[in-house]
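Trainee: Next up is a structure, given as structure tokens.
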Amino acid sequence: MAGNAGTHRKEPTLDVLIAGAGYVGLAAAVSMKQARPNLAIAVVDAAPEGVWQRDTRASAIAAAACRMLGRLGCWDEILPQAQPITDMIVTDSRTADPVRPVYLTFDGEVAPGEPFAHMVANKVLNGALRRRAGELGIDIIEGVAVSSFEAGVAGIAIHLADGTSLGARLLVAADGVNSRLRDMAGIKTVKWEYGQSGIVCTIAHERPHNGRAEEHFLPAGPFAILPLTGNRSSIVWTERTADAERLVASDELVFESELEQRFGLKLGELRVEGKPRAWPLGLTLARAFVAPRFALAGDAAHGIHPIAGQGLNLGFKDSAALAETIVEADRLGQDIGALDVLQRYERWRRFDTVQMGVTTDVLNRLFSNDFGPLRAARDIGLGLVDRMPRMKSFFIRQASGLTGDTPRLLRGESI
Amino acid sequence: MPEARRSTIDAGEVERFSALAAEWWNPNGKFRPLHKFNPVRLAYIRDQVAARFGRDAHAAKPFEGLRILDIGCGGGLLCEPMSRLGAEVVGADASETNIEVAKLHAAEAGVTVDYRATTAEALAEAGEKFDVVLNMEVVEHVADIDLFIAKCSEMVKPDGIMFVATINRTLKALGLAIVGAEYLLRWLPRGTHQYGKLVRPEELEGSLGKAGMRIINRTGVVYSPLADRWQKSKDMDVNYMVLTEHAPTN
């Protein structure tokens with residue numbers, strides 16, 4: 001839609017500008033463009049060109065997100081490089097316990113032949129989404145930050161750090177947990193700091209993992225082993241922040257021996273690939289998800305504790321719900337950046353997000369300690385869940401992302 | 001402030017209209033109920049029009065080539081979406097103020113609508129014809145329903161359709177639409193609706209019949225407080241919408 005006739009506007013006019021070329025921003029862009037090719041959509045990212053290819057982390061992609069990636073025409077490209085998680089065990093123990101009693105085991109399928117999650121390297125996921133964005137004609141502007149924006153009656157003017165300006169009907173901020181755009185929009189956050197950090201690294205081991213994921217509730221916090229392709233696994237290891245920083249800064253040998261104590265020797269010799277990194281953990285919730293002509297998505301709206309591995313899946317849910325809301329509004333001829341349209345998205349996502357944030361917070365507080373009676377209580381709880389097939393399938397469905405008021409894309413349907 | 005071809009209006013007036021336009025288009029303001037109500041009626045119109053004229057409801061501009069009249073258009077809450085869907089839209093309202101407000105907003109939004117401060121009678125006299133006539137939330141405010149419906153029907157092309165949406169005259173409507181919406185929830189200004197002027201479906205059908213129109217589809221619309229949205233329903237006790245066409249003459 002052209003801007004005002006007879007005014008001084010000359011900047012290019014878009015329908016949607018998305019700030020942040022991570023998986024949330026790209027998935028939102030692809031979802032909208034695929035359903036509404038008439039929408040002019042661009043993505044802008046402050047990171048220099050090619051930086052995404054140096055991300056060595058991997059993410060657990062739940063079944064619902066796989067279905068969505070299938071719908072978006074990305075999954076076939078990702079699948080050969082994805083490691084299915086075919087079963088999962090959960091234990092509760094002290095680091096030095098020689099044998100960790102297994103309280104919970106899952107056969108990891110939501111439907112026959114459909115694992116509840118896959119492990120995928122971030123750069124593979126990002127690469128597939130970028131290729132699809134390119135195919136659909138979505139411009140990705142890299143190495144340029146958004147420096148300011150003003151929402152008006154009919155559009156939002158966005159000024160970029162390189163001096164150019166853009167006009168759009170809607171600006172989406174998918175620029176991560178420390179979202180600068182969120183601050184610029186004046187949206188406040190609620191924050192809990194855990195004093196914990198998550199150490200993330202990739203390891204190679206001698207023997208195959210057979211697609212098994214493990215989560216050990218150690219006194220300092222959860223220690224997760226997630227299978228990658230080949231004889232490799234991704235480790236997400238929670239420690240008190242000071243300990244975590246000391247560990248990642250320590251000598252390779254010290255780090256590997258600390259890791260071995262927790263990982264055990266069941267898969268043979270371990271070797272750390274690349275440099276381990278520590279990320280401070282906290283729960284950050286934006287007080288509002290939308291403002292006039294402005295919407296938050298992904299970690300910019302909610303950074304949660306990684307205990308349940310739900311960060312990416314909540315992010316995909318945002319992308320899918322936002323795209324569905326915008327596409328439906330556009331199909332009704334509504335102004336896609338109008339506040340009443342955006343409030344539908346906010347209403348849809350807020351409840352789910354707060355619920356997930358609180359659940360993971362409670363889980364973390366419950367499990368990250370070594371208090372005897374509490375240990376006994378949670379072990380009985382885990383043991384009971386293990387004996388109740390319906391409870392287990394509830395947890396599997398939670399973990400797969402197939403619960404709640406699920407957006408169509410996450411059910412594997414088109415918008 | 002845009003100054004698109006409005007030489008006959010002085011700046012003070014434009015400012016006043018601009019404030020009113022902001023009010024009309026504020027989804028959390030005085031017209032919040034209309035904004036909330038908009039998606040369900042837009043979807044009904046889009047789907048019925050697409051079915052009638054053989055259009056793909058999900059196309060970028062499914063209404064391309066169709067001429068639509070929105071009678072009693074207010075600030076243009078229906079006209080702008082109709083225009084974005086590709087229709088050639090005439091928005092008519094008896095209130096000069098509403099028309100100025102609507103014009104101003106359309107200019108700002110870059111949407112083309114032919115707004116006119118006029119009445120159904122005047123448009124009909126002038127021989128205007130439309131593929132689709134939208135008669136939404138108006139009949140409960142007019143002085144002579146028979147005349148109003150007759151004039152609107154005259155403007156429907158032979159294969160065209162007319163939508164009518166209004167509020168039923170039942171105790172439930174009195175409780176929900178007047179006591180509830182105007183007095184308790186303050187969704188609407190008090191006095192927006194008078195019980196005696198609400199219209200029962202059979203009365204509407206009577207007026208339509210006299211004008212040579214027949215109802216081909218009808219639906220109730222109810223508010224779901226949990227989801228905070230309006231949806232279609234079989235329950236026509238309060239809000240309802242009907243789709244009409246010219247009855248065949250034997």
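The values are calculated or read from the model by the stated rules, or taken from the named source; none is laboratory data. Since this is a predicted model, take the numbers as computed values, not measurements. All Cβ positions, glycine included, derive from the backbone under ideal geometry; neighbour counts span all protein chains shown. Keep in mind that these areas ignore ligands, DNA and RNA; they rest on the heavy atoms of the full protein, side chains included. Shrake-Rupley method; radii C 1.70, N 1.55, O 1.52, S 1.80 Å.
Trainee: Can you confirm whether residue B:61 is in contact with a helix residue (DSSP H, G or I) (Cβ under 9 Å, 6 or more places away or on another chain) and surrounded by fewer than 19 Cβ atoms within 10 Å (Cβ to Cβ)? Lay out the reasoning, then the answer.
Mentor: Numbers: in contact with a helix residue (DSSP H, G or I) (Cβ under 9 Å, 6 or more places away or on another chain): yes; surrounded by fewer than 19 Cβ atoms within 10 Å (Cβ to Cβ): yes.
Yes: the conditions hold for residue B:61.
Trainee: On to the next question. Of everything in segment A:211-252, what is among the β-branched types (Val, Ile, Thr) and farther than 17 Å from residue A:57 by Cα? Give them in sequence order. Explain how you work it out, then say what you get.
Mentor: Taking segment A:211-252 first, the residues among the β-branched types (Val, Ile, Thr) are A:225, A:229, A:235-236, A:238, A:241, A:248.
A:241, the sole residue that qualifies.
Trainee: Give A:153, A:177 a once-over and let me know the one that is in contact with a Gly (Cβ under 6 Å, 6 or more places away or on another chain) and at pLDDT below 95.
Mentor: On the way: A:153 fails: in contact with a Gly (Cβ under 6 Å, 6 or more places away or on another chain).
Matching residue, one of A:153, A:177: A:177.
Trainee: Let me ask another. Residues of segment A:91-106 being modelled with pLDDT of 70 or more and either among the hydroxyl-bearing types (Ser, Thr, Tyr) or open to solvent by 10 Å² or more (accessible area, probe 1.4 Å) (or both), which ones? Explain how you work it out, then say what you get.
Mentor: Step one: list which residues in segment A:91-106 are modelled with pLDDT of 70 or more, which gives A:91-92.
Hit for segment A:91-106 is A:91, nothing else.
Trainee: Only one of (1) under 18 Å from residue A:348 (Cβ atoms); (2) more than 14 Å from chain B (Cβ to nearest Cβ) is not met by residue A:329, so which one is it?
Mentor: Condition (2) is where residue A:329 drops out.
Trainee: Pick from A:174, A:145: which is more than 29 Å from residue B:84 (Cβ to Cβ) and away from chain B (no Cβ under 14 Å)?
Mentor: Details: A:174 fails: more than 29 Å from residue B:84 (Cβ to Cβ).
Just a single option satisfies the conditions, and that option is A:145.
Trainee: Which of the residues belonging to segment B:185-197 are open to solvent by less than 80 Å² (accessible area, probe 1.4 Å) and either among the polar types (S, T, N, Q) or within 19 Å of residue B:244 (Cβ to Cβ) (or both)? Step through it out loud before you land on a result.
Mentor: In the first step, residues of segment B:185-197 are kept if they are open to solvent by less than 80 Å² (accessible area, probe 1.4 Å); the result is B:187-189, B:191-193, B:195-197.
Residue satisfying the conditions is B:192 alone.
Trainee: Same structure, new question: If a residue has to be within 14 Å of chain A (Cβ to nearest Cβ), more than 18 Å from the chain's Cα centre (by Cα) and not small (Gly, Ala, Ser) to count, how many in segment B:218-250 make the cut?
Mentor: Residues flagged as within 14 Å of chain A (Cβ to nearest Cβ), more than 18 Å from the chain's Cα centre (by Cα) and not small (Gly, Ala, Ser) within segment B:218-250 amount to 4.
Trainee: Which residues, counting only those in segment A:309-324, are open to solvent by 10 Å² or more (accessible area, probe 1.4 Å) and modelled with pLDDT of 95 or more?
Mentor: Once the filter is applied, which keeps residues that are open to solvent by 10 Å² or more (accessible area, probe 1.4 Å) and modelled with pLDDT of 95 or more, segment A:309-324 yields only A:324.
Trainee: So residue B:158 passes all but one of these: (1) closer than 24 Å to residue B:89 by Cβ; (2) in contact (Cβ under 8 Å) with a residue 40 or more places away in the chain; (3) crowded, with 18+ Cβ neighbours inside 10 Å. Which condition number does it fail?
Mentor: (3)
Trainee: Just give me the residues in segment A:155-187 being of a type in the set (Lys, Arg) and under 19 Å from the mean Cα position of the chain (by Cα), in sequence order. Write out each step before concluding.
Mentor: Looking only at segment A:155-187, we keep the residues that are of a type in the set (Lys, Arg), and these are A:169, A:180, A:182.
Listed by number, the residues that qualify are A:180, A:182.
Trainee: Quick one: in segment A:180-201, which of the residues that are open to solvent by less than 20 Å² (accessible area, probe 1.4 Å) and among the polar types (S, T, N, Q) is modelled with the highest pLDDT?
Mentor: For segment A:180-201, the residue satisfying everything is A:197.
Trainee: Can you confirm whether residue B:169 is open to solvent by 60 Å² or more (accessible area, probe 1.4 Å) and outside any helix (DSSP H, G or I)? Talk me through it step by step, then tell me what you get.
Mentor: Values: open to solvent by 60 Å² or more (accessible area, probe 1.4 Å): no; outside any helix (DSSP H, G or I): yes.
Judged against the criteria, residue B:169 is not a match.
Trainee: Regarding residue A:352, is this residue in contact with an Asp or Glu (Cβ under 8 Å, 6 or more places away or on another chain), surrounded by fewer than 21 Cβ atoms within 10 Å (Cβ to Cβ) and at pLDDT below 85?
Mentor: Working: in contact with an Asp or Glu (Cβ under 8 Å, 6 or more places away or on another chain): yes; surrounded by fewer than 21 Cβ atoms within 10 Å (Cβ to Cβ): yes; at pLDDT below 85: yes.
Yes: the conditions hold for residue A:352.
Trainee: Can you say whether residue B:205 is surrounded by 15 or more Cβ atoms within 10 Å (Cβ to Cβ) and at pLDDT 95 or above, as far as the supplied structure shows? Write out each step before concluding.
Mentor: On the way: surrounded by 15 or more Cβ atoms within 10 Å (Cβ to Cβ): yes; at pLDDT 95 or above: yes.
Yes: the conditions hold for residue B:205.
Trainee: Can you find a residue in segment A:107-117 that is at pLDDT 60 or above, open to solvent by 50 Å² or more (accessible area, probe 1.4 Å) and small (Gly, Ala, Ser)?
Mentor: Within segment A:107-117, one or more residues are at pLDDT 60 or above, open to solvent by 50 Å² or more (accessible area, probe 1.4 Å) and small (Gly, Ala, Ser).
Trainee: Only one residue in B:182, B:125 is open to solvent by less than 30 Å² (accessible area, probe 1.4 Å) and without any contact (Cβ under 8 Å) to a residue 12 or more places away in the chain. Which one?
Mentor: On the way: B:125 fails: open to solvent by less than 30 Å² (accessible area, probe 1.4 Å).
Residue meeting the stated conditions: B:182.
Trainee: Could you list, in sequence order, the residues of segment B:215-241 that are touching a Leu at 6+ places or on another chain (Cβ under 7 Å) and surrounded by 14 or more Cβ atoms within 10 Å (Cβ to Cβ)? Break it down stepwise before answering.
Mentor: We begin by selecting, within segment B:215-241, every residue touching a Leu at 6+ places or on another chain (Cβ under 7 Å); these are B:215-217, B:238.
The answer is B:215, B:217, B:238.
Listed here are the residues, each with its yes/no results for (1) more than 9 Å from chain A (Cβ to nearest Cβ); (2) over 30 Å from residue A:291 (Cβ atoms); (3) at pLDDT below 95.
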position	(1), (2), (3)
B:3	no, no, yes
B:17	yes, no, yes
B:22	no, no, yes
B:31	yes, no, yes
B:94	yes, yes, yes
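Trainee: A further question on this structure: What number of residues in segment B:24-53 are open to solvent by 30 Å² or more (accessible area, probe 1.4 Å), farther than 18 Å from residue B:134 by Cβ and either assigned to a loop (DSSP other than H, G, I, E, B) or among the aliphatic types (A, V, I, L, M) (or both)?
Mentor: So the count comes out to 4.
Trainee: Please specify each residue of segment B:135-149 satisfying the condition of being buried (at least 18 other Cβ atoms within 10 Å of the Cβ), touching a helix residue (DSSP H, G or I) at 6+ places or on another chain (Cβ under 7 Å) and touching a residue at least 24 places away in the same chain (Cβ under 8 Å). Steps first, please.
Mentor: Going residue by residue through segment B:135-149, those that are buried (at least 18 other Cβ atoms within 10 Å of the Cβ) are B:135-140, B:142, B:145, B:148-149.
Adding the requirement that they be touching a helix residue (DSSP H, G or I) at 6+ places or on another chain (Cβ under 7 Å) leaves B:135-136, B:139-140, B:142, B:145, B:148-149.
Answer for segment B:135-149, where residues must be buried (at least 18 other Cβ atoms within 10 Å of the Cβ), touching a helix residue (DSSP H, G or I) at 6+ places or on another chain (Cβ under 7 Å) and touching a residue at least 24 places away in the same chain (Cβ under 8 Å): B:135, B:136, B:139, B:140, B:145, B:148, B:149.
Trainee: Are any residues in segment A:217-232 farther than 16 Å from residue A:279 by Cβ, over 21 Å from the mean Cα position of the chain (by Cα) and either open to solvent by 10 Å² or more (accessible area, probe 1.4 Å) or at pLDDT 90 or above (or both), and if so, which ones?
Mentor: First, pick out the residues of segment A:217-232 that are farther than 16 Å from residue A:279 by Cβ: A:217-219, A:225, A:227-232.
Adding the requirement that they be over 21 Å from the mean Cα position of the chain (by Cα) leaves A:217-219, A:230-232.
Answer for segment A:217-232, where residues must be farther than 16 Å from residue A:279 by Cβ, over 21 Å from the mean Cα position of the chain (by Cα) and either open to solvent by 10 Å² or more (accessible area, probe 1.4 Å) or at pLDDT 90 or above (or both): A:217, A:219, A:230, A:231, A:232.
Trainee: Failed condition for residue A:268, given (1) within 14 Å of another protein chain (Cβ to nearest Cβ); (2) open to solvent by less than 20 Å² (accessible area, probe 1.4 Å); (3) over 22 Å from the mean Cα position of the chain (by Cα), with all others met?
Mentor: Of everything listed in (1) within 14 Å of another protein chain (Cβ to nearest Cβ); (2) open to solvent by less than 20 Å² (accessible area, probe 1.4 Å); (3) over 22 Å from the mean Cα position of the chain (by Cα), residue A:268 misses just condition (1).
Trainee: Can you name the residue in segment B:65-86 that is more than 12 Å from every other protein chain (Cβ to nearest Cβ) and more than 12 Å from the chain's Cα centre (by Cα) and is also least open to solvent (accessible area, probe 1.4 Å) among such residues?
Mentor: B:66
Trainee: In segment A:34-65, which residue that is open to solvent by 30 Å² or more (accessible area, probe 1.4 Å) and assigned to a helix (DSSP H, G or I) is nearest to residue A:409 (Cα to Cα)?
Mentor: Residue satisfying both the conditions and the ranking: A:34.
Trainee: State which residue is surrounded by the fewest Cβ atoms within 10 Å (Cβ to Cβ) when the search covers only segment B:106-121 and only residues that are facing chain A (nearest Cβ under 10 Å) and without any contact (Cβ under 8 Å) to a residue 40 or more places away in the chain.
Mentor: B:112
Trainee: Let me ask something else. Taking residue A:44 as the residue in question, decide whether it is among the hydrophobic types (A, V, I, L, M, F, W, C) and modelled with pLDDT of 80 or more. Before you say what the answer is, go through the steps one by one.
Mentor: Working: among the hydrophobic types (A, V, I, L, M, F, W, C): yes; modelled with pLDDT of 80 or more: yes.
Yes; evaluated as a whole, the condition is true for this residue.
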